[in-house]
Each structure stands twice: as structure tokens, then as C-alpha cells.
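In what follows, a single structure is set out as C-alpha cells and then discussed.
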Amino acid sequence: MRVLVTGGAGFIGSHFADDLVAEGHEVLVLDNLAHGRENQVPTAARFERLDLGSPKLEALVAAYRPDWVYHFAAQIDVRRSFEEVLVDADQNILGSLRLLEACRVHGVKHFWFASSGGAIYGDPGICEVHEAALPRPASPYGVAKLAMEGYLAAFQQRYGLSSTSLRFSNVYGPRQDSEGEAGVVARFISVLRAGGPACIFGTGRQTRDFIFVGDLVKAGRLLRSRPVQGPLNLGSGEETSVLDLHGAVQNALGLTCAPRFLPARDGEQQRSLLDCTKARQCLGWQASTGLKEGLQATLAWFQGRPG
């Protein structure tokens, strides 16, 4: 297949691009390099540095005519979505809509959308949430992700554009950025390796569902042969507190360093755990990488990268 991967120079997108190339697909990576790195693009893939707001976007889709589109490009900072709500909406709603409309016009067969398994559900009042749970996004970022899922459903019903919304939990692994709005795993590894105490906001008892990026790639491979329509939860099935994560990262590094506690951040979720029954039933998939194993693989990447 001919595949377009937006955000394919970034953390998750580059892993998916690698796997698509390995399967023999023709891959075009589109990224504005705001967060991604060009050296993470597979050498066998074509690369275009382009923003979704560019007037050249539709011409690129028209010329390339992809069969599939993986849409990972996004404004990813939840705090920035509050501070610059129009910027967030322009990138995560309008930019995504420009891409979606180009896909409709130029005959894309399937559209995979990187949604959110945390920001969409918010704090639902129950622990393990499934796809039918009432969405309660508590940030403009989450609202934007949910809005795009609505547009995808409407385009599927009206135009027959097949799509899947991948509701990831908290993803970690090699290539995750430790700067800016980084994942907590990357932040902990980076700060502790540098000799400083890691910061924990609030009590640290808030929980997350941490999933290794390699498990997502395996789900993506299964989805290419058995596409699932609509939203799909992809998580580890395990609930881990931030304090326990800090301890696990310390153990992986062989260090002992007490965290620095800071005031809790407004609106932060207290619990997050995804029910992935749909993925098991439809794909035969479940996460297989334990936190200890995943942290070792992530740490090996941090230790081996230049600089």
C-alpha cells in the first residue's frame, strides 16, 4: 500500500513508519519537525517537511494519492491547550480537518487517527473505562481529540471514508522526548540520569496506564489486516501510580534519589486505566511488555543515543 504518516518523525509516528516500511509498504512521512527529528524517519521512506496548515497540503495528498493515512501530527501539550486554546484548535481540529478533507477528495481507503485514551475520558469515576464510556474531556486538548472522532464518524457515515480512532493510554519507549510536554517516563529517566531529583506533582498516588510503544506497533500491524471501525482502546491493562513508576525507574537505573514533591496541577486526572476488551476480541491483541522490560528497553535507548 501507499501510506502517508503525519508526525512520522516523532516518537510514536516514527515507530509506525518503521513497521510499515518493514512490511514493504511505500511510505511518505510528513512532519513540521516541531517535535520530531528527521533522523528518526526511516531511510527507505520519503520525507516532506510540511505543516498541516500549509496550502500545499492538498496538492501533496493529490499527487501522492495514499491508500492509507496515519495521522499522528498534533499539538501535544495539554497545558498549552489551556494557555493558547486557539493555537490548539487550529492545529488539532482545523489542521486535522484539512487533512481529512483532502483524504476524502482523493480517495483514501482508511484513516487511522491518534486519539487519546486519557484526555477524552477524563476522570470518569470508575477505574477501567471502555469505549462506550461517557467522554468527559477536561482540557481543550481532549475536546479537540473528541471533536475529531466526531468528524471521522460523520465522514464515515456520509462519504464511506473508513477510519479508526486509536485511543492510546500513556505511551513510553525509545525516542520519547524528555523535553517540553514529555511523557513522565522520559522525564524521570532524563532527570535521574543527570543526578537531579525528579519532580512529582501532588501526592504521586495518581495512577496511569503505561503502555510500551512496541505493543502499539503490534496492534497497528494487526489492524492493517483486520481494520476496526470507530474508537479502539489500546492500553497495558495495568494501573501504576506515579510513585511506583518513580521507584521502578530508580531500580532500572540502580539509583536511590528521593523525588521532589510540587503542588498538584489543576485538573489532573487521578486515575486512568483502559478496558481493552474490544482489542482482544477484534484483534486477538493485548499488551505483552511488562513495565520492567519496557523501562529497560527505554533506558538502553537513552544510554545509546548520541549527546
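Annotations
- Residue in region 171-181 that is modelled with pLDDT of 95 or more, under 15 Å from the mean Cα position of the chain (by Cα) and among the hydroxyl-bearing types (Ser, Thr, Tyr) present: yes
- When the test is whether a residue is at pLDDT below 95, crowded, with 19+ Cβ neighbours inside 10 Å and over 15 Å from the mean Cα position of the chain (by Cα), Gly122 passes it.
- On the stretch given as region 226-252, residues that are of a type in the set (A, V, I, L, M) and closer than 16 Å to Ile200 by Cβ total 5.
- Residue selected from region 224-247 under the condition in contact with a Ser or Thr (Cβ under 9 Å, 6 or more places away or on another chain) and among the hydroxyl-bearing types (Ser, Thr, Tyr), by the criterion farthest from Ala198 (Cα to Cα): Ser236
- Test for Gly13: is it crowded, with 21+ Cβ neighbours inside 10 Å, touching a residue at least 12 places away in the same chain (Cβ under 8 Å) and of a type in the set (Gly, Ala, Ser): yes
- Pairs with Cβ under 7 Å, 6+ apart, first in region 282-307 and touching a residue at least 60 places away in the same chain (Cβ under 8 Å), second in a helix (DSSP H, G or I) and open to solvent by 70 Å² or more (accessible area, probe 1.4 Å): Trp285/Lys218; Phe302/Arg193
- Positions within region 129-139 being out of contact with any Cys (no Cβ under 9 Å at 6 or more places or on another chain) and either of a type outside the set (S, T, N, Q) or open to solvent by 40 Å² or more (accessible area, probe 1.4 Å) (or both), in sequence order: Val129, Glu131, Ala132, Ala133, Leu134, Pro135, Arg136, Pro137, Ala138
- Val228 among the aliphatic types (A, V, I, L, M) and in contact (Cβ under 8 Å) with a residue 60 or more places away in the chain: yes
- Any hit, region 233-244, residues being farther than 21 Å from Leu299 by Cα and crowded, with 20+ Cβ neighbours inside 10 Å: yes
- Against the list (1) in a loop (DSSP other than H, G, I, E, B); (2) within 20 Å of Val171 (Cβ to Cβ), the condition Thr256 fails is (2).
A quick yes/no check of all residues on (1) of a type in the set (Gly, Ala, Ser); (2) out of contact with any Pro (no Cβ under 8 Å at 6 or more places or on another chain); (3) open to solvent by 50 Å² or more (accessible area, probe 1.4 Å):
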site	(1), (2), (3)
Tyr141	no, yes, no
Ala153	yes, yes, yes
Ala186	yes, yes, no
Gly195	yes, yes, yes
Val228	no, yes, no
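- Flag if Gly290 is under 16 Å from Asp209 (Cβ atoms) and crowded, with 16+ Cβ neighbours inside 10 Å: no
- Within region 19-37, tally of residues that are open to solvent by 60 Å² or more (accessible area, probe 1.4 Å) and either among the hydrophobic types (A, V, I, L, M, F, W, C) or farther than 14 Å from Ala73 by Cα (or both): 5
- Test: residue in region 160-174 that is open to solvent by 10 Å² or more (accessible area, probe 1.4 Å) and without any contact (Cβ under 8 Å) to a residue 40 or more places away in the chain: yes
The values are calculated or read from the model by the stated rules, or taken from the named source; none is laboratory data. Remember, predicted model here, so these are calculated numbers, not experimental data. With ideal geometry, Cβ positions are generated from the backbone for all residues, glycine too; neighbour counts draw on all protein chains shown. In case anyone asks, the SASA skips ligands and DNA or RNA and just uses the protein heavy atoms, side chains included. Shrake-Rupley method; radii C 1.70, N 1.55, O 1.52, S 1.80 Å.
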